[in-house]
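Working notes for the structure below.
The values are calculated or read from the model by the stated rules, or taken from the named source; none is laboratory data. Computed from a prediction, not measured in an experiment: that's the story for all the values here. Ideal geometry is used to build each Cβ from the backbone, glycine not excepted, and the neighbour counts take in all protein chains shown. Just so you know, the surface numbers come from the protein's heavy atoms only, side chains and all, with ligands and any DNA or RNA stripped out. Shrake-Rupley method; radii C 1.70, N 1.55, O 1.52, S 1.80 Å.
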Amino acid sequence: MMASSYSTKEEDGHQSGAPGPGGGVNAKSRKPDNTAFKQQRLPAWQPILTAGTVLPAFFIIGLLFIPIGIGLYVTSNNIKEYEIDYTGVDMSSPCFNCSQNYSWNSTKPCRCSVSFSLDQPFESNVFMYYGLSNYYQNHRRYVKSRDDSQLNGNLNALKDPSKECEPYRMNDGLPIAPCGAIANSLFNDTLELYYNDPNGTKTLIKLVKTGIAWWTDKHVKFRNPVGDGSNLSAVFQGTTKPVNWQKYVYQLDSDPDNNGFINEDLIVWMRTAALPTFRKLYRIIEKQGDATPTLPRGNYTLLVTYNYPVRSFEGRKRMILSTISWMGGKNPFLGIAYITVGSVCFFLGVVLLIIHHKYGSRSNNADISS
Amino acid sequence: MDFSALRNLISRYCTGEENWVDSRTVYIGHREPPPGTEAYIPQRFPDNRIVSSKYTFWNFVPKNLFEQFRRVANFYFLIIFLVQLIIDTPTSPVTSGLPLFFVITVTAIKQGYEDWLRHKADNAVNQCPVHIIQHGKVVRKQSRKLRVGDVVLVKEDETFPSDLILLSTSRDDGTCFVTTASLDGESSHKTYYAVQDTKSFNTEKEVDMLRATIECEQPQPDLYKFVGRINIYQDRDEPIARPLGSENLLLRGATLKNTEFVYAVAIYTGMESKMALNYQSKSQKRSAVEKSMNAFLVVYLCILISKALINTTLKYVWQSNPNRDEPWYNGKTDHERQRHVMIRAFTDFLAFMVLFNYIIPVSMYVTVEMQKFLGSYFITWDDEMFDEELGEGALVNTSDLNEELGQVEYVFTDKTGTLTENNMEFIECCVDGHVYVPHAICNGQILSGSSGIDMIDSSPGPDGKEREELFFRALCLCHTVQVKEEETVDGIKRGIHQGKATSFYISSSPDEVALVEGMKRLGFTYLRLKDNHMEILNREDEVERFELLEVLNFDSVRRRMSVIVRSSSGHLYLFCKGADSSIFPRVISGKVDRVRARVEHNAVEGLRTLCVAYKALSQEEYHNMCQLLDSAKLALQDRDRKLAEAYDLIERDLVLLGATAVEDRLQEKAADTIESLHKAGMKVWVLTGDKMETAAATCYASKLFRRSTQILELTTKRTEEQSLHDVLFELGRTVLRQHDSLTHDTFSGLSSEFQDYGLIIDGATLSAVMKPAQDDSSGNYREIFLEICRNCSAVLCCRMAPLQKAQIVKLIKASKEHPITLAVGDGANDVSMILEAHVGIGIMGKEGRQAARNSDYAIPKFKHLKKMLLVHGHYYYIRIAELVQYFFYKNVCFIFPQFLYQFFCGFSQQPLYDTAYLTLYNISFTSLPILLYSLIEQHISMDILKRDPSLYRDIAKNCLLRWRIFIYWTFLGLFDSMVFFFGAYFLFDNTTFTSNGQLMTTNTQMIFGNWTFGTLVFTVLVFTVTLKLALDTHYWTWINHFVVWGSLLFYVVFSLLWGGVIWPFLNYQRMYYVFVQMLSSGPAWLGIGLLVIISLLPDVLKKVLCRALWPTSTERIQTKRKCLTVEQSTIFMLSQTSSSLSF
């Protein structure tokens, strides 16, 4: 229709439209289309953030977040966690000796045992972690020092690992399997847990070592190379072990489903941690029956085969026992944050309400007068 | 290089004889002149090939790459890319190479395609056939083979293949008609003249006989200037020299009309033709937004460098402990160990630069350019700026300045054709003080309001009768109007019915058409120009014939024109017509006072006045004049100046006949537009060549001056009485006193009482003010003048020469606030000011299209300026301001967590995010929502912006890109990135942030690694940044919903896909299942939600509080409108229900 029709009222549009055809004939094809998009008149929702509109949102957030936060906080507090540092920095600590005279090549393993007691019984499944501090697994040189295709079972990569693995790529002219700094520094302390019965006997607690890695890692991302025979040692023929390892990769475990590259301890270690203080899942203590707690309260002994040196870079080693809930491990931060944000929102809601009442009417009046 | 060319070159520098240097000699038909006349120096000229293309097939790749990398941004990214290739950097070269490659390729394809089109067009032009006369025969040749000196035959409706000198035409009088529509858009037919001595040549043979040379200036781009001389050798006599002017020069690109054929000789070919010389693009204007953007970029570059420096320093401090530098589990290669520490430090610095380089993203440039390019379509599409009469809408010649339209502080407008219709109506004439009104006779009606004296009553005595008829004849003869006997002619058309065919008067000046038509209504009809004789039909229906001897054309400096004619009785007359100021000083007799009084009266009414004078010439006088003119016309150098001098000598000692008055109506809604611009806080200056009274009347009519406005005059009349110095100081005092009291009044609330000032200044006074300082005191004039102007809401500058218009604009541009100026005009005389101002707007008017061609934007009518500035300008500004700020914000959010992460990974340049995320963040995850926002955001509806011009003040002075706001956005970005990073940090640190390894089963839990950490931060980042934009969006169309939610969805789908497959072409699989594992963990969901809300909270709070406590007028309107729409919808619903009830 006519160019000016929509800016006028509808009745006017009709009037001006009546003599319109004459003008319409003259109009050339250069006349722009009168589509809503081209005229920037698309129908639109036009929200405005005012105190009035935001108020309900603030109250809703407040009312929603505080209960969630309390729930999270309570859940987190119900999780039982026990942490013990066995680095052996102090003279008095049982692992002091092991931590002092250490060498990679020593054939005789150094053992030390640490006693501790649990005040409360740990119900349901208990997860056992090792924790390291001041350990930069996220260092760039370290993170990239791996060959994912080698770990995926690629035979070419097995014999000719990626350049990224330097300087842990070749040893004595043989390719290292698995190559790289990450694999080379695999955590190799052995932790065993004993329950000290009040009657004096020590019971070894059964630690499950499978099911600790991501299912996809274990079954897709990490693959053993497929050779002629089923024998892993034959497949790894022509490769050598990482410099700091005491055994070959095909000797990591007796279970063929947990050996070689698909060894779960290796897989867990290969997932580099985000921060210099981290913990990694070591073992799972499964619940035996309904009657008894997984870990009853009482005294325990942690038997450490101390292989992993951390003193040189002022690192620490810890053992952590923890139960879990629907939201994972012990995590007071999330609960506290939710409660804080919820209350802040609620408070702001109240403030805004006051402002809205005081100034909202004033600005409206000003509008009318202007 | 040819030897003669070399010699030519040497002679240019050695002889120092300027005449030789600046002219060329063309031998017509390449025939040497008779020996002995002049040395035959063959000169080399380029062939007639037009090359508008930039590249050839071979040099496209290197030249295009060179062109592209000359841009600083592209070069910066190239450097980053090369650094990544050369040294061991944290991110793969793909992350910066891919976007750069993408940008470069897209640009190259676009430019290549455009160039291919140009090649095609060039080929079509270069290969089209031309007819060349060789040895008396017509030969067909390809256009590109045409050489200077060739004689060309051009037929009707053909385009001239090069710049040609017209030798002869099929018409007896040696004229031809030409339309230059493709050159300057003027579709009216223009008349060109053949050389007098050759115009009789009608066959190829005759033309071939011609022996002549043409001396002319070297090519220059001005389409309307040409000086030359043709020397015709006949037998062995001295050559006959004839002047050549632009009326003899047929321009390449123009088309021959209404003429069967012409013979012409090529003088400028190929790239030397005036059309090709005009291809050169105009100088680039840069908008204020772009300047702030560049300033921000420099800040970010400093931030980038300081970040890299800080991290490098800290890295070496931290690494001073060898166990940290190289712990046993993380050994270096021998190669790394051996490198010198300085080299290592330098590589580390570069690596940090690379890691943080995304803070200045490639995509910002691309997005800004796309926004400008695509956004400008909304102007061309605008239906409201389409003019039915012209059949044209607004034109965008450059999209670089869209946002500048929202920043205008000073509007400089032309009067005639811009504020007014330039559609002239003859109102009255006054002969010796007797007033004649044509309507009284024509329609037999007595017009009310016309000033008393009726023509018939006032018939003076026989002497007066004679003067009266002389006056009418003068007006019928003293013009350059052509008569067209055609049905449709574009341009200015007026039908005159003579019984037979309809004819039109055509002229480049609408005033002349109005005058000739007015004369027709008073009984004297100009019929035609035939064989150099002008024919007039007088009152007794007799045809009078006058031989037209000379035309002294109009120019804007002289402001008058003259003709010399010989009547059938043999008397010689000079008729002169021009502005009163240029006629009165040259008049020696006549009733000057009475005419002057009438002229002034009419001027106050807002009419355009012209005075007419004549002089009877004796044969002798005429002879002298001819000599004077001929010598001036033949001059090759300074012809214009010499002509002006000659004209000055000729046009003097005149006898005043009378004056005319022509009305130029105001354009539709001009007053409304000016009022809106005033309300929007813009200062409107009218710059016109018209006389003061006329211009002032127009200003009152267009509400530039209101009744309450106190007018300050700074005119020659006043400066004659007092010295300029005193006047300036007095005015300055008046204005400043007001200004001071105003600042006091604002506190006492009396500000509404303040007086607004209007200033009127004329050209002569202005040049006195602008004159460079002679002594100490005059240096201040400029300052005082500026001070006065700054306090005036409206300024009228009359009697301005075109160049003075540009001077004024420049003066204001350079004043200490550096305001943004806009110039709007329609004629060739406005081009200089259009080019000078920050934004130049051309009106597609009646005086040709030169202004529109040279402008940045062209609009059909002055009233469209309102929508252009208040709506489009406003929108473009807020859109691009948000675009710029948001881009910096989102990249701070993006990169700052990486910076923080360095403190937790031993400053090892470990990237936080995966390569794919680094690459795609700016390209795809967050690019479309902001692009769409910057295209279609409307914070207030169009109608309100138009209705309430004062909203324009809210965005004045580039206020959305002030440093304060920039810093706010940067700090918001810093805050958000802290929230992302430390939020994720606390979720990971000291607690087990874990997930179930096997989906759907809850019996195991795993630990997340660094890639999950990065993905968590990145997810929060993408959501926050997108939602932040969503909160800023005030205009949610379905496209917005689609793009905002679509890009979030795309991010999720991409992440699932990216982590869902073992990609065989990658040598790492670090992202495998990371995203899914993260989402399978409850705390991740809770954490993402929490962090997004915390990040958005301060901004929402700030917005709400500012709106409630210190609302801007924009915000008030928004709130108010919201209330209104609610009310309206309620009313609508009520009416709906009531109507439904009634049925």
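Before moving on, here are some points about what is shown:
- Rough spin-label spacing in nm, given labels placed 7 Å along Cα→Cβ, for residue B:1113 and residue B:597: 4.8
- log10 of Debye I(q)/I(0), alpha-carbon scatterers only, for the range B:284-411 at 0.09, 0.11, 0.23 Å⁻¹: -0.52, -0.63, -1.33
- The range A:50-73 residues near the modelled residue B:1105 label - backbone nitrogen below 20 Å, point 7 Å along Cα→Cβ: A:50-62
- Over all other residues within a Cβ to Cβ distance under 9 Å of residue B:824, the charged ones net out to -3, with Lys and Arg as +1 and Asp and Glu as -1.
- On a per residue basis, the range B:288-342 carries 52 Å² of accessible surface, using protein heavy atoms and a 1.4 Å probe.
- Positive-end residue, chain A charge dipole about Cα centroid, Cβ charges, pick of A:298, A:69, A:239: A:239
- Each 5 Å bin from zero holds the following percent of Cα-Cα pairs in the range B:247-356: 2, 8, 10, 11, 8, 6, 5, 5, 5, 5, 6, 5, 5, 5, 5, 4, 3, 2, 1, 0.
- Estimated FRET transfer efficiency when R0 is 25 angstrom, pair residue A:303-residue A:251 (beta carbons, to 0.05): 0.70
- Label separation (residue B:114 vs residue A:111): 8.1 nm, computed from points 7 Å beyond Cα along the C-beta direction.
- Pairwise label distance in nanometres, residue A:119 with residue B:224, each label 7 Å out on the Cα-Cβ vector: 9.8
- Within the full protein context, the accessible area of residue A:85 is estimated at about 70 Å² for a probe radius of 1.4 Å.
- Largest accessible area first, the residues A:254, B:287 order themselves as A:254, B:287 under a 1.4 Å probe with ligands, DNA and RNA left out.
- Of the residues A:82, A:73, ranked by 1.4 Å probe accessible area with the largest first, the sequence reads A:73, A:82.
- About the centre of its Cα atoms, chain A shows a dipole size close to 760 debye [charges on the beta carbon of Lys, Arg (+1) and Asp, Glu (-1) only; nearest 20 debye].
- Formal net charge of residues neighbouring residue B:899 (Cβ-Cβ distance under 13 Å; K, R +1; D, E -1): +2
- Computed over all pairs of different Cα atoms, the Kirkwood value for the hydrodynamic radius of the range B:549-613 is 13.0 Å.
- For the range B:591-720, the solvent-accessible area of protein heavy atoms averages 44 Å² per residue (probe radius 1.4 Å; ligands and nucleic acids excluded).
- Size of electric dipole in the range B:620-735: Cβ of Lys, Arg +1 and of Asp, Glu -1, about Cα centre, debye, nearest 20: 800
- Per-residue extension of 0.36 nm, minus the Cα-Cα distance of residue B:950 and residue B:247, leaves a gain of 248.0 nm for this segment.
- FRET efficiency for residue B:679 and residue B:964, using Cβ-Cβ distance with R0 set to 30 Å, rounded to 0.05: 0.70
- Solvent-accessible area lost on pairing A with B (1.4 Å probe, both sides summed) amounts to about 9300 Å².
- Difference of contour (0.36 nm per residue) and Cα-Cα distance, residue B:616 to residue B:640: 6.0 nm
- Rounded to whole Å, sorted largest first: equivalent-ellipsoid semi-axes of the range B:110-255, Cα gyration tensor: 28, 18, 15
- If a spin label sat at a point 7 angstrom from the Cα of residue B:57 along the line to its beta carbon, the backbone N atoms of the range B:106-128 nearer than 15 Å would be those of B:116-117, B:119-120, B:123.
- Within the listed set A:68, A:324, A:284, the Gaussian network model of chain A (springs between alpha-carbon atoms below 10 Å) gives the highest mean-square fluctuation for A:68.
- Total charge dipole magnitude, the protein assembly as shown, about the Cα centre, Cβ charges on Lys, Arg, Asp, Glu only, Debye to nearest 20: 5100
- Calculated FRET value between residue B:335 and residue B:82, using beta carbons and R₀ = 22 Å, to 0.05: 0.55
- Other residues within the sphere of radius under 14 Å centred on the Cβ of residue B:867, judged by their own Cβ, net out at -1 (K and R +1, D and E -1).
- Accessible-area value, residue B:810, 1.4 Å probe, nucleic acids and ligands omitted, Å²: 120
- Taking the 1.4 Å solvent-accessible surface of the protein assembly as shown as the whole, the part contributed by carbon and sulfur is 57%.
- Residue (of B:100, B:148, B:134) at the positive-pole extreme of the range B:82-191, dipole from beta-carbon charges: B:134
- The range A:310-353-the range B:850-883 distance, computed between alpha-carbon centres (Å): 54
- Over the protein assembly as shown, the Kirkwood radius and the radius of gyration, each from Cα atoms, give a ratio Rg/Rh of 1.10.
- Out-of-range pairs (alpha-carbon distance over 24 Å; input B:866/B:957; A:159/A:218; A:221/B:315; B:225/B:805; A:108/A:163; A:221/B:890): A:221/B:315; A:108/A:163; A:221/B:890
- Antiparallel %, DSSP beta bridges [both residues in the protein assembly as shown], to 5: 80
- Base-10 log of normalised Debye intensity for chain A (one unit scatterer per alpha-carbon) at q = 0.07, 0.11, 0.12 Å⁻¹: -0.55, -0.90, -1.01
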